[in-house]
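The values are calculated or read from the model by the stated rules, or taken from the named source; none is laboratory data. It should be emphasised that the depicted structure is a prediction, and the values quoted were computed from it without experimental measurement. Heads up, the Cβs are rebuilt from the backbone with ideal geometry, glycines too, and the neighbour counts pull from every protein chain shown. The area values use the complete protein model at the heavy-atom level, side chains included, leaving out ligands, DNA and RNA. Shrake-Rupley method; radii C 1.70, N 1.55, O 1.52, S 1.80 Å.
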Amino acid sequence: IPTGVLRVESVEGGAAVVVVEDSFDRMTRGDRVRRLPAAPTAPATATVPAAQPLPARVLGGAVSDAMLAPGDWVFLDVGRTDGVRAGDEFVPDPGDDPLPPDGRIQVVLVQESTSTARVVGVGDRLLRVGTALRLDRRLR
């Protein structure tokens, strides 16, 4: 599971100088890093409603007890084995809550059993770590 997001400032003598943009857990020298793919972008007409409303949950984010805002990175408890694909969009599952959170999260990177996603929209009632979600739309 990823532990943070780094931004490369410069490369000097074969080593990268980075700035920590988000930290979700402890990072140490020697940790494995990988390039984060660009977030899928497509007009709303390029998405279609999901055939099945796959349930998911926000596992974590930059700050575990804060409300999430557009641009925040989060981790979801569903991944490749659940059929998740980059570009999938999740929304809060209202369940029995008469005033459920409002927002939209788009998957950027899919791992075996988890996904890395970015908050792309929030409404009046904000998202938090632990929010129950459901798959809403997929890229064509």
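Observations, loosely collected:
- Condition met for Ala69 (open to solvent by less than 100 Å² (accessible area, probe 1.4 Å) and at pLDDT below 70): no
- Thr28 vs. criteria β-branched (Val, Ile, Thr), in a loop (DSSP other than H, G, I, E, B) and at pLDDT 80 or above: yes
- Among the criteria (1) touching a residue at least 60 places away in the same chain (Cβ under 8 Å); (2) buried (at least 18 other Cβ atoms within 10 Å of the Cβ); (3) among the basic types (Lys, Arg), the one Arg104 does not fulfil is (1).
- Among the residues listed as Arg7, Arg57, the single one being assigned to a strand (DSSP E or B), surrounded by 15 or more Cβ atoms within 10 Å (Cβ to Cβ) and either modelled with pLDDT of 90 or more or at negative phi (or both): Arg57
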